[in-house]
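Chemist: The following block contains the structure, expressed as structure tokens.
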Amino acid sequence: MESFLVCSIGRLLRKNISVVFSGKKFLVDPENGAKYGGEFDEFDKTLKVATGIPVHKWFPVYIHEYCHFLQFSAKTKAWLNSSESLQRIFENISVKTQGRGHTETKGSKRGFTKKDVLNVMRMEMEAERLVLKIIDEHKIETDRDKYVKGANAYMLYYSISVYKFSAWPAKSLYRNEKFLNMMPSKKIMPITWFFEQPDQVKKFFL
């Protein structure tokens, strides 16, 4: 883990990317108060991670954000296609509230399209698969099955919460063991799977 951390930070710095370990339990978006674990910002040239939690929790987040840097550096098709779509989505969703109290939004009322959601999901899925490749190649000690469950859960944020309710969950579902245990643990699922969920999964977003 340490060798990968040192090498990856070195690569980031050589590309003039600032690396910030906050020491807090989460980062907070100053515009909407949304809480999150990390981010890679291609415009500010920064990679930030909240490290005020156990290392086994924040290190996979660091790898995920580093993989976004790799996508950005390589100018992958998924990364380039997601840029404008991501902007449209986050300009048109409610971040502070969950699906509760929302009605399903359709068509132009969303301010973004299903194609936008698919573009972002493909970008995130590409990043998640890169994370798993790094974990395997560098033999990083982490709960791989739990990470895959979390990655599949994250995709549902887009296919259910964003696409159906134009909202981002107010509370993280990663801590809900009942919800996580419903997620596949061996692979990132095909994109169609995330739009075919039964009501017992959807109810967590209501």
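Readers should treat all values here as calculations from the given coordinates under stated rules, not as data from a laboratory. Just so it is clear, the structure is predicted and the values come from calculations on it, not from any experiment. So basically every Cβ, Gly included, is an ideal-geometry build from the backbone, and we count neighbours across all protein chains shown.
Chemist: Quick test of the membrane-span-like rule: which DSSP H helices of the chain reach at least 27 Å along their long axis (C-alpha atoms) with mean Kyte hydropathy at least -1.0?
Modeler: 55-74, 114-137
Chemist: When DSSP beta bridges are limited to those with both residues in the chain, what percentage is antiparallel, rounded to the nearest 5?
Modeler: Percent antiparallel among DSSP bridges in the chain is about 55.
Chemist: If you average the alpha carbon positions of the stretch 114-173 and of the stretch 6-75, how far apart do those two centres end up, in angstrom?
Modeler: 16
Chemist: Follow-up. Please get the size of the charge dipole for the stretch 8-94, origin at its Cα centre, with Cβ charges of +1 on Lys and Arg and -1 on Asp and Glu, quoted in debye to the nearest 20.
Modeler: 400
Chemist: Say the cut-off is 27 Å between C-alpha atoms; which of K24/K75; K133/K202; K48/K77 go over it?
Modeler: K24/K75; K133/K202
Chemist: Place a +1 charge on the Cβ of each Lys and Arg in the chain and a -1 charge on the Cβ of each Asp and Glu, then give the dipole magnitude about the Cα centre in debye, rounded to the nearest 20.
Modeler: So the magnitude is around 380 debye.
Chemist: Calculated from DSSP H runs of 4 or more alone, at -39500 (n - 2.57) each and per residue, what is the 222 nm mean residue ellipticity of the chain, nearest 500?
Modeler: -14500 deg cm²/dmol
Chemist: Right, another one. Around I140, under 13 Å between beta carbons, what's the net of Lys plus Arg minus Asp minus Glu among the other residues?
Modeler: Net charge in that neighbourhood comes out at -2.
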